[in-house]
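What follows is one structure encoded as structure tokens, with my remarks underneath.
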Amino acid sequence: MTYVVTSACDGSKYQDCVAVCPVEAFKEAETYLVIDPDLCIDCAACVPECPADAIYADTDIPDSEIEWLDRNKDEASDLPLAEGDSPVLA
Ligand code: SF4
Ligand code: F3S
């Protein structure tokens, strides 16, 4: 399994999630982050940190957010590591 960032992150980008991730699994797009499923160790530490409630286990994503499962997986490898210090957009 993996954890997945969903649409509530897009345009918010609080980045509270980044600091608690023990394996630097977050990658950064312009308006949101994604989680690299090859790096995520399923610790769930990031879930309660997100003010937008954007992070779900892949087994628990709402149907309306299911496209984000592939977006995290497909986009993560081409994006830079999230440092957690970009401007918050919300
Ligand atoms: Fe990082 Fe854990 Fe969140 Fe995976 S579940 S992205 S390892 S903090
Ligand atoms: Fe996005 Fe929430 Fe992290 S808004 S940047 S998943 S803290």
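Values in this text are rule-based calculations from the coordinates and carry no lab data. Values in this document were obtained by computation on a predicted structure and should not be read as measured data. Because the Cβ atoms are built from the backbone with ideal geometry, glycine has one as well, and the counts that use them run over all protein chains shown.
Could you compute the net charge surrounding L39? Neighbours are other residues with a C-beta less than 13 Å from the C-beta of L39; K and R count +1, D and E count -1. Within the 13 Å Cβ shell, the charges total -2.
Taking other residues whose beta carbon is less than 11 angstrom from the beta carbon of Y3, and scoring Lys, Arg as +1 and Asp, Glu as -1, yields -4. Report the percentage of all Cα-Cα pairs in the chain whose separation exceeds 16 Å, rounded to a whole percent. Above the 16 Å cut-off, the chain has 43 percent of its Cα pairs. For the pair the range 59-87 and the range 7-49, the centres of their Cα atoms are 8 angstrom apart.
Counting 0.36 nm for each residue step from S7 to T31 and taking away their Cα separation leaves a gain of 7.6 nm.
Report the residues of the range 6-25 in range of a label on L81: point 7 Å along Cα→C-beta, backbone N strictly under 17 Å from it. Counting backbone N atoms under 17 Å from the label point, the list is 17-25.
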